[in-house]
1. List the lysines whose alpha-carbon lies under 29 Å from that of K60, not counting same-chain residues fewer than 8 positions away?
2. What 222 nm value per residue comes from the helices of the chain, counting each DSSP H run with n ≥ 4 as -39,500 (n - 2.57) and dividing by all residues, nearest 500 deg cm²/dmol?
3. What does the charge count around C43 come to, taking other residues whose C-beta lies under 14 Å from its C-beta (Lys +1, Arg +1, Asp -1, Glu -1)?
4. Give me the percent relative contact order of the chain, please, defined on Cα pairs under 8 angstrom at least 6 residues apart.
5. Which of the aspartates and glutamates could be linked to K6 by a straight reach, that is with a Cα gap under 14 Å, when you skip same-chain ones fewer than 8 residues away?
6. For percent of Cα pairs over 14 Å apart, the listed values are (1) 55; (2) 51; (3) 66; which was obtained by calculation from the structure presented?
7. When you count, for each residue, the other Cβ atoms within 10 Å and take the mean per peptide, how do 14-24, 49-59 rank with the highest first?
Amino acid sequence: MVTEAKSKGATFKEFHIDKANIYTCLAWQDSPGRQLHQAVKECILNPQHPQAQIFFNWFKNLYDL
């Protein structure tokens, strides 16, 4: 969906594609418009998903957790 929007003139930078994907997914949820931290706290995003593990590992490393 995000790739199609980009091809039709959406004005986000290429390196923001992951961010655009996350916020597009959040926009589809019942009660759209949640912030990323809310989605994690409310378990809308699955922290056990393999792609999420990359983020969590980066975050833990960043904050020395």
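1. List returned: K13, K19, K41.
2. Rounded to the nearest 500, it is -15500 deg cm²/dmol.
3. Once all neighbours under 14 Å are counted, the net charge is 0.
4. Computed value for the chain: 15 percent relative contact order.
5. Cross-link targets: E14, D18.
6. Matching the structure shown: (3).
7. Output ranking for 14-24, 49-59: 14-24, 49-59.
Read-outs: derived from the displayed coordinates by stated rules, not from any lab. Computed from a prediction, not measured in an experiment: that's the story for all the values here. All Cβ positions, even for glycine, are placed from backbone atoms using ideal geometry, and neighbour counts span all protein chains on display.
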